[in-house]
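The next block holds one structure in the form of structure tokens; read it before the comments.
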Amino acid sequence: MSSTPTSDDLDRELRVMLADGEVERATELAIRRYGPELVGWLRSIISIEADAQDAFSRMSEELWRSLQRFDGRCSIRTWCYMLARHAAAHVRSRPRNEREVLVSHIPSVLGAVTHVWSTTKGGAKQAADVYAAIRAELGEEDQTLLVLRVDRNLSWREIAHVLCGEDADDGVVERKAATLRKQFERVKERLRALAAERLRD
């Protein structure tokens with residue numbers, strides 16, 4: 001009986017593809033495997049569905065471009081979250097109603113993006129859940145911290161990489177990881193207090 005491949009197994013497989021120069025194939029596989037969780041996260045931090053879709057497309061385009069120079073300082077999964085965070089910030093900062101057409105010149109990658117987006121359950125029903133509603137009231141970094149630590153089970157170091165960016169040195173990442181641990185405890189306490197208050201009402 002074969003076991004389900006882990007994130008580490010996939011990371012190794014992707015790195016082999018990159019070493020062999022198969023950037024397009026590695027991009028497609030990363031999107032198909034990590035895409036659903038990235039879509040879920042983007043939908044949780046971007047309230048407008050079309051904007052979340054644009055952010056996912058932009059992240060996918062940047063993934064294809066950046067894997068050609070990926071230096072392996074973090075896992076590819078962490079790299080995807082870093083790119084998704086940048087894409088979300090870009091979408092929020094652009095002029096309203098401006099739309100972008102991305103990845104159209106890479107058929108296999110476009111196919112993966114379209115498939116993942118169309119088959120990943122939307123977040124509309126989650127908005128009715130009390131816990132999801134409370135989480136939505138948190139700041140973006142607190143929401144990101146909860147999703148990456150609780151929902152995605154990333155290590156503190158991986159989360160620090162996502163939040164610090166690709167150029168952060170090891171010392172900065174380690175200090176950020178220590179700060180995030182403390183921040184996480186404060187966020188959990190706030191969630192417990194808010195949940196208790198809402199449940200009493």
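Read the figures in this text as sums done on the coordinates, not as results from a lab. The model shown is predicted, which means the values in this text are computed figures rather than measured ones. For neighbour counting, all protein chains shown are included, and Cβ atoms are generated from backbone atoms with ideal geometry for every residue, glycine included.
Key figures for this structure:
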{"quantity": "Segment L138-R32, extension gain: residue separation times 0.36 nm, minus the distance between their alpha carbons", "calculated": "35.2 nm"}
{"quantity": "Protection-proxy order for peptides 78-89, 179-190, each taking the mean of Cβ atoms within 10 Å per residue, highest first", "calculated": "78-89, 179-190"}
{"quantity": "Hull shadow area, averaged, the range 30-86 [alpha-carbon convex hull, nm²]", "calculated": "3.6 nm²"}
{"quantity": "FRET efficiency, 1/(1 + (r/R0)^6) with R0 45 Å, evaluated for E13 and S93 via beta carbons", "calculated": "0.85"}
